[in-house]
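What follows is a single structure, written as structure tokens, with notes after it.
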Amino acid sequence: MLAHEILAQVRSGERTPTEVLRFYLKRVEALEPQLHALLRLNPRAEEEARAVEQRLAQGEELPLAGVPVVLKDNLCTRGLETTCASRILEHFVPPYDATVVERLREAGAVILAKANMDEFAMGSSTEFSAFGPTRNPWDLQRVPGGSSGGSAAAVASGMAPLALGSDTGGSVRQPAAFCGVYGFKPTYGRVSRYGLVACASSLDQVGPFARTVADLALLSDRICGHDPRDSTSLKAEPGFTRALGERPALTVGVVRESVQAGNSPGVLAALENFRRVLEAEGVRFVEVSLPALEYALATYYIAMTAEVSSNLARYDGTLYGLRVAGQDVTDTMRKTRSAGFGPEAKRRILMGTFALSAGYYDAYYGKALRARARLKADFEQAFAHADVLLTPTSPFPAFKLGAKTDDPLSMYLSDIDTVAVNLVGLPGLSLPAGYEEGLPVGMQLIAPPLQDERLFSLAQIFEQSTGGVFTKAAPIACASA
Ligand code: GLN
């Protein structure tokens with residue numbers, strides 16, 4: 001079911017929030033053993049659904065009344081374990097809700113479960129979860145993408161109508177593309193990061209997953225908005241649902257460098273088709289260039305690891321989660337961090353610490369900052385010619401489990417189309433736009449800062465004119481419906 005259908009049913013009294021919840025719990029029971037998209041169910045979900053019923057009975061207007069939502073496990077949930085799929089945070093129970101979680105509860109949503117992810121949101125396949133990988137609902141031998149793979153797989157398989165993930169370098173958009181759903185990374189600062197466990201703070205942003213543009217807008221309208229508890233939060237009111245149905249005269253800039261870069265045939269075909277469909281709808285296309293894009297991946301993996309090495313210093317066996325007692329404080333830290341972090345987290349801490357170390361700082365981190373500024377200037381140039389930019393979300397569809405885990409560089413290359421957007425703080429949206437050998441293919445739309453709503457108008461024109469052929473449910477979802 002779509003979130004909009006659930007809302008209509010709850011409002012008309014056809015189903016109660018508790019009945020909706022039970023429907024989804026049954027789907028979870030049937031599908032979760034094959035997918036492992038979830039780390040834990042919310043044991044208080046029924047209680048919360050009943051509380052929503054009471055609020056409705058008292059006449060409250062609830063924009064997400066009774067809609068179940070899955071949350072990536074790096075979003076703090078009061079009283080409900082939040083692990084970031086890491087041993088080092090196993091059994092950590094936050095004493096507060098993240099702002100986005102608080103907002104969802106206020107709107108009457110029911111928190112269904114916490115979703116699997118790559119440890120501390122580092123990875124592109126969800127295979128770096130300390131609790132085992134998630135599988136792609138389209139092909140169980142393939143990855144769902146990452147790091148928000150659990151959230152994407154939950155929505156694609158119909159275990160939840162909506163989910164939240166986080167996107168530091170593509171972790172909402174790339175799994176959305178791999179799983180055939182919509183994923184949106186808002187302008188940096190539009191969604192509060194309060195209660196989102198920090199990965200790389202200058203890049204992190206919470207983002208929604210949904211099966212239609214209208215559902216994506218519904219959730220975006222709830223999570224965006226100013227929050228005094230996040231110092232980088234912007235004062236911009238969301239207008240996503242309002243933007244639907246608008247047909248602004250937009251020019252789309254196809255990013256030359258991302259089209260040239262070794263895309264698989266199905267991805268190129270989807271790009272061509274996207275262009276054809278929108279041109280027929282009167283949208284103009286031009287070619288734009290981002291010369292500094294070739295440095296984006298290198299820049300990202302220096303900037304993000306530097307921030308990670310600093311952010312992850314707090315997991316030292318003192319305040320949070322795991323503690324492996326040693327002979328003294330230093331030994332306790334060493335033992336805790338050795339036992340608690342998985343291989344990818346360790347690799348990034350080491351790389352980031354190196355990049356920031358005395359004597360290397362200018363050569364690596366300083367240079368990355370300069371490259372970041374060049375990239376920003378390139379985007380500004382491109383936006384002088386186009387209102388929205390277009391690239392594939394990923395050069396290829398979902399790959400096989402195990403295909404890249406032993407080769408960090410080839411895993412990092414999965415992010416080639418998504419990281420630049422985070423480095424510059426822009427909004428990006430991945431939409432389902434094709435298939436390659438039965439696997440979904442996604443296209444990415446990018447807008448200037450705070451013009452996020454444009455992406456929704458454009459995505460909806462494509463969705464409507466293709467009549468949902470690219471937003472089919474994953475086969476596994478149909479089999480168990
Ligand atoms: N795949 C990218 C990485 O491994 C992006 C991660 C993310 O967006 N959280 O860093």
Cross-link list Lys72/Lys335; Lys114/Lys400; Lys367/Lys400; Lys114/Lys404; Lys114/Lys335; Lys72/Lys235: which exceed 30 angstrom alpha carbon to alpha carbon?
-> Lys367/Lys400
To two decimal places, what compactness ratio does segment 246-371 give when its Cα radius of gyration is scaled by 2.2 N^0.38 Å?
-> 1.64
Amide H of Tyr435: which non-local residues (sequence gap of 5 or more, or other chain) have their own amide H closer than 5 Å, using H built in the peptide plane?
-> Val441
Pairs of alpha carbons in segment 1-124 whose separation is greater than 24 Å (percent) = 29
What are the ³J(HN,Hα) values, in whole Hz, obtained from phi via the Karplus relation 6.51 cos²θ - 1.76 cosθ + 1.60 with θ = phi - 60°, for each residue of segment 185-195 in sequence order, with x given for Gly and Pro?
-> 10, x, 3, 3, x, 7, 10, 5, 9, 5, x
log10 I(q)/I(0) for segment 313-369, Debye formula on C-alpha points only (no solvent), q = 0.15, 0.17, 0.20, 0.25 Å⁻¹, two decimals, reads -0.54, -0.64, -0.76, -0.91
Which of the aspartates and glutamates could a cross-linker span from Lys26 if the Cα-Cα distance has to be under 19 Å and same-chain partners fewer than 8 positions apart are dropped?
-> Glu5, Glu14, Glu46, Glu47, Glu48
For Val255, the residues 5 or more places away or on another chain with a placed amide H closer than 5 Å to its own amide H are Val288, Leu390
Residue by residue, what Karplus-based ³J(HN,Hα) values in Hz, rounded to whole numbers, does segment 325-339 have, using 6.51, -1.76 and 1.60 with θ = phi - 60° and x for Gly and Pro?
-> 5, x, 6, 8, 4, 4, 5, 5, 4, 4, 5, 4, 6, 5, 7
So Arg78 and Phe354, fully extended at 0.36 nm per residue minus their Cα-Cα distance, gain in nm 95.8 nm
Take every DSSP beta bridge with both residues inside the chain and express the antiparallel ones as a percent of the total, to the nearest 5.
-> 65
To the nearest 20 debye, what charge dipole does segment 313-369 have about its Cα centre, counting +1 at the Cβ of each Lys and Arg and -1 at the Cβ of each Asp and Glu?
-> 160
Karplus (6.51, -1.76, 1.60) ³J(HN,Hα), θ = phi - 60°, over segment 20-29, in Hz, Gly and Pro reported as x = 4, 4, 5, 4, 6, 4, 5, 5, 4, 4
Work the Kirkwood hydrodynamic radius out for segment 300-400: mean of 1/r over every pair of different alpha-carbon atoms, inverted, in Å.
-> 16.6
Using a/c under 1.5 as the rounded threshold, could you call segment 344-409 rounded, prolate or oblate? The axes a ≥ b ≥ c are square roots of the C-alpha gyration tensor eigenvalues, and prolate needs a/b larger than b/c, oblate otherwise.
-> oblate
Average silhouette area of segment 411-481, convex hull of alpha-carbon atoms, in square nanometres = 6.4
If R0 = 25 Å, then Glu279 and Lys472, at their Cβ-Cβ distance, give a FRET efficiency to the nearest 0.05 of 0.55
So for the chain, taking the charge dipole from beta-carbon charges (+1 Lys/Arg, -1 Asp/Glu), which of Asn311, Leu369, Cys199 sits furthest toward the positive end?
-> Asn311
Amide H within-cut-off set for Arg142, under 5 Å, with H built and near neighbours excluded | Asn136, Leu401
In terms of the Cα gyration tensor, with a ≥ b ≥ c the square roots of its eigenvalues, is segment 342-456 rounded because a/c is under 1.5, prolate because a/b exceeds b/c, or oblate?
-> oblate
Charge dipole of the chain built from unit charges on the beta carbon (Lys, Arg +1; Asp, Glu -1), centred at mean Cα; most positive-end Cα among Cys478, Val252, Phe379 is Phe379
The chain pair-distance distribution - Cα-Cα, 10 Å bins, rounded % = 4, 22, 33, 27, 11, 3, 0, 0
Within the chain: Cβ-based charge dipole about Cα centre, in debye rounded to nearest 20 (Lys, Arg +1; Asp, Glu -1) = 480
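Every read-out reported here was derived from the displayed coordinates using simple, explicitly stated rules and does not represent laboratory data. No experiment lies behind these values; they were computed from the predicted model shown. Cβ sites come from the backbone with ideal geometry, for glycine too, and all protein chains shown count toward neighbours.
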